Every structure is written in C-alpha cells, then in structure tokens.
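**Q** First the structure, then my questions, so here it is.
Only the coordinates and a few stated rules stand behind these numbers; no lab work does. Since this is a predicted model, take the numbers as computed values, not measurements. Here the Cβ positions follow ideal geometry from the backbone for every residue, glycine too, while neighbour counts run over all protein chains shown.
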Amino acid sequence: MTRRPGKAISIRGIAMTYASASGSAVEALAPIDLEIGAGEFLVVVGPSGCGKSTLANILAGFGKPTAGVALIEGTPITGPAIDRGMVFQSYALFPWLSVTGNVEFGLERKGLSKSARREVALGYLQSVGLADFADRQVDELSGGMKQRVAIARAFAPEPSVIFMDEPFGALDALTRRALQKQLLQIWEEHRKTVLFITHSVPEAIFLADRIIVMTARPGSIKTEIRVALSHPRDTTSAAFRDYERSIYAQLDEELVKSFAVEAADLRQGAAAD
Amino acid sequence: MLWRAAPLVVAFAVIVAVWQTVIWVFAPHVSLLPPPLLPAQEFWKLLASGELFVHTGMSLMRVVSAWLLAGCVAIPLGLAMGWSTRFERIADPFVELFRPISPLAWIPLAILWFGINEAGKIFVVFIATFFPTLISTVAGVKRIDPVLVHAGQVLGCIDQQSLFRKVILPAALPSIIVGLRISFGTGWAAIIAAELVAARSGLGYLIANGMEVLRADKVLVGMVMIGLLGVAFDALFRQLSRRYSWGRT
Ligand SMILES: Nc1ncnc2c1ncn2[C@@H]1O[C@H](COP(=O)(O)OP(=O)(O)OP(=O)(O)O)[C@@H](O)[C@H]1O
Ligand SMILES: [Mg+2]
C-alpha cells in the first residue's frame with residue numbers, strides 16, 4: 001500500500017449534537033478543525049464527557065457528525081473501513097476465535113490465503129511478545145495480554161490510521177507502562193497514523209508527537225502541544241515534568257467547567273422528571 | 001464423565017429403597033403401586049419384545065423432527081428480531097400474545113385439526129419448542145456487545161452480510177444452543193402430554209394404556225424411560241454448550 005505524504009486525516013468543522021432521550025439536545029462536540037499528519041502519533045486529552053470518544057467514533061465511521069466533514073487521505077468518511085483500525089478499552093476480542101484467529105480476522109477479510117495470514121499474524125504477535133500464545137483461546141489471557149492481541153489485530157491489516165480510545169484505561173500501572181513501550185515499538189516499526197485518547201497526562205507525554213487538549217463539553221480544541229522529546233522518553237526528567245505542569249494547568253481550567261456542566265445536567269434532569 | 005453420574009445413581013437407589021419400604025409398610029394393591037421388581041421385569045419384557053424401542057423411537061422421532069423444524073423457523077426469526085429493532089417492534093406483540101399459552105393448551109385444537117395422526121403431535125411439540133428457541137436467540141443477539149460489532153466493522157466486515165456471518169452469528173451461538181437445549185426439554189415434556197391423549201404409540205401412549213388396563217407397572221416403565229432419556233439428553237446438550245460457551249463470562 002502506498003501512502004501519500006502529508007495529511008492522513010483532515011477534520012473540517014466536525015460537530016456533534018446528540019438528541020437525548022428526554023428530548024433535549026446534548027451538544028457533545030463544537031465544530032472542530034484539525035489536521036493529522038501521516039505517521040503522526042496524536043494524543044487527545046480532555047475532561048470526561050468532552051466528546052473524545054464521539055470524535056474517534058465519527059472518524060472510525062460509526063456515527064455521522066451533525067456538521068462538517070472528515071477526510072481520510074482526501075476521501076470523505078462514509079462508514080467504517082478496514083483502512084481505519086481501532087483498539088478499544090474493553091479489548092473487544094472475538095472470544096470464539098483463538099489468539100491468531102483474532103489477528104487473522106482482518107487479514108482474511110483482505111483476502112490473504114490461509115498460510116499467508118498465519119505468517120503475517122505470527123509476525124505481529126511476535127512484535128507484541130505473544131507468538132508463543134498464538135493458539136490459545138483469548139479468555140485464557142490476562143487483560144494486558146488481551147490488549148496486546150488487540151493491538152496486533154489492529155496493526156496486522158495495515159490500516160493507514162489506528163484509533164485507540166483509552167486502550168490502557170483498564171490496566172494496572174505497571175502493565176500500562178509495558179504496553180506503552182510496546183505500542184511505541186510497533187508504531188515506530190510500521191509508522192501508522194495513530195489517534196490515541198487518554199485521561200493520563202504522563203501517558204500522553206510519553207507517547208505523543210502532539211497533544212490536543214480539549215475543552216469541557218461541548219468539546220473543542222483548547223490548545224495543542226508538540227512534544228519535542230526524543231524516544232525513549234524519561235518520565236522523571238525535568239523537561240517531562242514541565243510538559244506535565246503545563247498540561248495539567250490547562251486541564252484544571254476545563255475540569256472546573258466540566259463539573260459545572262455536569263451539575264447543570266443533573267439539575268435539568270431533575271427538573272424534567 | 002462417569003463420576004458425574006454417581007449422584008444420579010445414588011438418587012435412583014434411594015428412590016427404589018423408599019418405594020420398597022412403602023410396599024412393606026402400607027402393602028398397597030399391586031394395580032396401584034407394584035413392588036419395584038415388577039416394573040423391572042416388565043421393563044425387560046418390553047425391551048426384549050422390542051415394544052419399548054418402538055414407543056421410545058416414536059416419541060423421539062416426533063420430538064426431534066418438530067424441534068428441528070421449530071429451530072429452522074425460530075433461529076432465523078430470532079436473529080432478525082434481535083438485529084432489527086424495527087422488525088422486533090412488529091413481531092414482538094405476536095410473540096407476547098402466544099407465549100403465555102401453554103403448549104398443552106394447543107392439544108385440543110391439534111386433535112380437532114389433525115386428528116390423532118403425526119401432524120397433530122408435531123404441531124404441539126413445534127409450539128412447545130418454538131418459543132424457548134426464539135427467545136434465547138433474540139436475547140443472544142441483543143446481548144452482543146456493540147463494541148464487538150464495531151471491531152468486526154473496522155476489521156473489514158463492511159456489509160451486513162459478512163458482519164452477520166463473521167460476528168453476529170458466532171457471538172449469538174452460545175445463547176442459541178442454550179435455547180435449543182431448553183426447548184428440547186419442553187418438547188420432551190409436551191410430546192408425552194400429547195401422546196397421553198392422542199396417540200397409538202409413543203411413551204405417553206404406553207403410560208396412558210397402562211392406566212387403562214390397570215397396569216401400574218407399565219405406567220412406571222414408561223415414566224422411568226422418560227426420566228432416563230431426559231437426563232441423557234440434557235447431559236448431551238450440556239456437553240455441547242460447554243464447547244460453545246464463549247461470551248458468558
Ligand atoms: N449516543 C449518545 N446519545 C446521547 N448522548 C451521548 C451519546 N454518546 C455520548 N453522549 C454524550 O456526549 C458527551 C460526550 O461523550 P463522549 O463519550 O464522546 O465523551 P468522552 O470525552 O469520550 O468521555 P470519557 O472521557 O468519559 O470517555 C457526553 O455528555 C455523553 O453523555
Ligand atoms: Mg470516551
């Protein structure tokens with residue numbers, strides 16, 4: 001697959017307003033403009049409920065925005081496609097398939113022969129250190145192992161973009177660190193464009209080329225920060241700490257607003273009842 | 001495998017012991033409750049003459065054919081109802097209206113419509129097996145984690161057809177198998193009832209006939225056979241559903 005240099009994703013005025021069950025509308029995303037470069041590792045942080053998942057789901061093709069367009073390598077998004085992979089917080093492995101069965105799933109859809117997809121799958125499992133577990137059933141694996149399988153599964157069909165919505169959110173701190181390193185390895189090897197959502201500021205700084213800080217709902221881009229540190233990044237360095245301080249400062253402002261929005265929601269909900 | 005049957009064997013022995021004690025203590029008339037030895041002898045006699053095989057075979061044939069037939073209708077219908085909310089909204093009221101009617105309540109109509117030939121009994125068992133299969137299938141599809149569907153889509157199942165084949169069906173399969181297991185049980189109960197009132201063969205008929213000629217031993221042979229086969233089929237299905245038990249953790 002050839003990839004044109006330049007923009008992998010162009011987001012132009014994408015906005016989302018949900019019609020809630022009670023009839024009132026929830027403006028989840030304010031119009032957003034954003035360009036993501038090919039091979040870039042972009043991390044999005046923001047208060048809970050600010051529309052991060054909404055944005056990722058629109059880009060993955062699961063939902064249509066109420067305004068705006070998003071282009072993937074120049075082509076408007078009309079629905080999900082194998083060219084845009086995703087890693088989910090809850091792993092979303094297929095429990096009826098083995099570990100390789102999961103990794104081979106997308107390869108089969110792409111029409112690879114049985115032997116070819118086994119070989120490719122084993123290669124990716126090797127990258128995440130799970131080649132020895134290829135023929136296990138997925139429910140035998142720990143959470144960290146499951147997410148490594150999910151990462152291998154997302155990379156294997158060679159999509160141009162991979163979305164990761166809080167992929168390490170359910171893992172313990174140590175497993176999380178290990179998976180961050182493994183993700184960087186596999187990303188450096190294959191150079192896919194990654195859009196990664198997290199609540200963890202250190203995780204964002206450890207991984208990102210660029211960090212987008214979002215505002216409280218309706219989510220829009222508050223600031224973006226380029227992380228000019230070379231890999232592997234030392235999380236205890238002064239430079240790392242400086243990034244942390246400035247991002248927390250930005251987030252704290254939004255958290256206050258986010259709490260106010262949530263409180264208003266509750267009051268309104270109580271009034272409606 | 002065998003040690004699992006041990007509690008059943010013990011329970012069986014206890015029942016026989018209590019039975020024999022009742023005989024010693026109360027000495028009921030033999031046409032009401034014979035000693036255990038009598039039905040055991042009758043069992044051998046019916047087995048040797050092949051009569052037991054014929055009756056068991058007839059009952060089984062009716063259950064299996066009606067159960068398969070019901071599965072062929074209920075599973076596709078259930079998949080469609082679970083998948084399409086619009087279709088479910090249309091179909092669900094019909095299901096809700098028919099479901100509370102016991103399959104046994106259909107027996108009189110079945111006799112009126114079909115007489116006592118095979119179609120009537122297959123009809124009753126069809127009703128008895130249809131709803132459990134349908135309801136389990138619908139629930140199986142509705143319980144699928146939407147994230148699994150999304151995962152299937154970004155891995156190349158773009159059209160509904162491939163999504164159905166590659167994700168929906170395997171994800172719902174454990175629940176479908178549970179439905180088939182439950183419905184086999186309800187079907188087995190229903191066929192006996194149908195044969196009690198409208199048959200010239202089958203285990204239900206064996207029991208009804210035993211009653212008419214005041215042969216409690218014959219009745220008991222039929223009952224024991226029904227129990228044994230019920231246990232055997234449930235064990236078989238349990239084994240099957242263990243193999244297909246993903247997604248219920
Ligand atoms: N399908 C939906 N219908 C109605 N409202 C929705 C729907 N999905 C999300 N929302 C609302 O839109 C807002 C943004 O949700 P979203 O899940 O995108 O936030 P998020 O930034 O991913 O939050 P978190 O950090 O908690 O994952 C929230 O207020 C949420 O309640
Ligand atoms: Mg989210």
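**Q** Any idea how far apart A:ALA239 and A:THR75 come out in nm if each label point goes 7 Å out from Cα toward Cβ?
**A** Label at A:ALA239, label at A:THR75, 3.9 nm between them.
**Q** Work out Dmax and Rg for the stretch B:45-243 from the C-alpha atoms and quote the Rg first, both in angstrom.
**A** 19.8, 69
**Q** A:GLY219's amide H: which non-local residues (gap 5+, or another chain) put their own amide H closer than 5 Å, with H modeled 1.01 Å from N in plane and none for Pro or chain starts?
**A** Residues meeting the criterion, in which the H sits 1.01 Å from N, are A:LEU29, A:ALA30.
**Q** Which trypsin sites (Lys or Arg not before Pro) does the stretch A:132-204 hold that lie in a coil by DSSP with at most 13 other beta carbons within 10 Å? Before the final figure, lay out each step's value.
**A** Numbers: sites: A:ARG136, A:LYS146, A:ARG148, A:ARG153, A:ARG176, A:ARG177, A:LYS181, A:ARG191, A:LYS192; in loops: A:ARG136, A:ARG191, A:LYS192.
Qualifying residues, ordered by number: A:ARG191.
**Q** Among A:VAL261, A:VAL128, A:VAL43, which one moves the most in a GNM of chain A with springs linking Cα atoms closer than 10 Å?
**A** It is A:VAL261.
**Q** Of B:LEU37, B:PRO100, B:SER175, which is farthest along the charge dipole of chain B in the positive direction, counting Lys and Arg as +1 and Asp and Glu as -1 at C-beta?
**A** My answer, from the dipole projection, is B:SER175.
**Q** Starting from the exponent 0.38 and prefactor 2.2 Å, build the expected Rg for chain A from its residue count and divide its actual Cα Rg by it.
**A** Compared with the compact-globule rule of thumb, chain A sits at 1.04.
**Q** Which one of B:LEU68, B:MET58, B:THR133 is farthest out on the positive end of the charge dipole of the stretch B:47-173, using unit charges on Cβ (Lys, Arg +1; Asp, Glu -1) and the Cα centre as origin?
**A** B:THR133
**Q** Between A:ASP33 and B:ARG99, what is the label-point separation in nm under the 7 Å Cα-to-beta-carbon projection?
**A** Those two pseudo-labels are separated by 5.4 nm.
**Q** Across chain B, where is the longest run that never hits trypsin sites (Lys or Arg not before Pro) in a DSSP loop with at most 14 other C-beta atoms within 10 Å?
**A** Here the longest segment lacking exposed loop sites spans B:1-142.
**Q** If each of B:MET211 and A:ARG210 carries a label point 7 Å out from its Cα toward its Cβ, how far apart are those two points in nm?
**A** With each label point 7 Å from Cα toward Cβ, the separation is 8.2 nm.
**Q** Could you tell me the distance between the Cα centroids of the stretch A:212-273 and the stretch A:114-137, to the nearest Å?
**A** Here the answer is 38 Å between Cα centres.
**Q** Continuing with the same structure: Can you tell me the relative contact order of the stretch B:45-243? Whole percent, Cα pairs under 8 Å, sequence separation 6 or more.
**A** Relative contact order of the stretch B:45-243: 26 percent.
**Q** With +1 on each Lys and Arg Cβ and -1 on each Asp and Glu Cβ, how big is the dipole of the protein assembly as shown about its Cα centre, in debye rounded to the nearest 20?
**A** 740
**Q** Another one. Scan around A:VAL227 for amide H atoms under 5 Å from its own, H built in the peptide plane at 1.01 Å from N, and keep only partners 5 or more places away or cross-chain.
**A** It is A:ARG210, A:ILE211, by chain and number.
**Q** A further question follows. Averaged across the residues of A:79-86, what count of C-beta atoms belonging to other chains lies within 10 Å of each residue's C-beta?
**A** Values: counts 3, 11, 4, 6, 2, 2, 3, 6.
Mean shielding by partner chains, rounded to a whole number: 5.
**Q** On to the next question. Measuring from the lowest to the highest alpha carbon on each principal axis, how far does the stretch A:161-273 reach, largest first, in angstroms?
**A** The principal-axis extents, from largest down, are 54, 27, 26 Å.
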